[in-house]
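The values are calculated or read from the model by the stated rules, or taken from the named source; none is laboratory data. Please read these numbers as outputs of a predicted model, since none were measured by experiment. Methodologically, a virtual Cβ is constructed for each residue, glycine included, from the backbone with ideal geometry; neighbour enumeration extends over all protein chains shown.
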């Protein structure tokens, strides 16, 4: 089994409230979930209206597929336009290999 994870830091400037931030973050999470087979959640900076940190994970039996999916998701997030994408932490784990 191959597990791929991303932690994506997004920077939201010019927002007036946490409600505005949550609207954008929830919209992004919903769009990602409807297009990709990933588990997704806002994982940190919940009370900071200028920063959102989103965690994503996927699993497969094919490492190349996981790599490509992570690339596609990163491109999708970077193309959103409502925020600046900062740091992206990417990890791939190979589990149960004999």
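Test residue 2 against the stated conditions and say whether it is within 16 Å of residue 90 (Cα to Cα), loosely packed, with under 12 Cβ neighbours inside 10 Å and modelled with pLDDT of 90 or more. Answer is no for this residue. Please find, within the stretch 73-86, the residue that is surrounded by the most Cβ atoms within 10 Å (Cβ to Cβ) out of those that are under 11 Å from the mean Cα position of the chain (by Cα) and farther than 12 Å from residue 25 by Cα. Here the answer is 73.
Close Cβ contacts (under 8 Å, 6 or more residues apart or on different chains) running from residues in the stretch 9-26 that are touching a residue at least 60 places away in the same chain (Cβ under 8 Å) to residues that are assigned to a helix (DSSP H, G or I) and buried (at least 16 other Cβ atoms within 10 Å of the Cβ) comprise 10/25; 10/28; 10/77; 12/21; 12/24.
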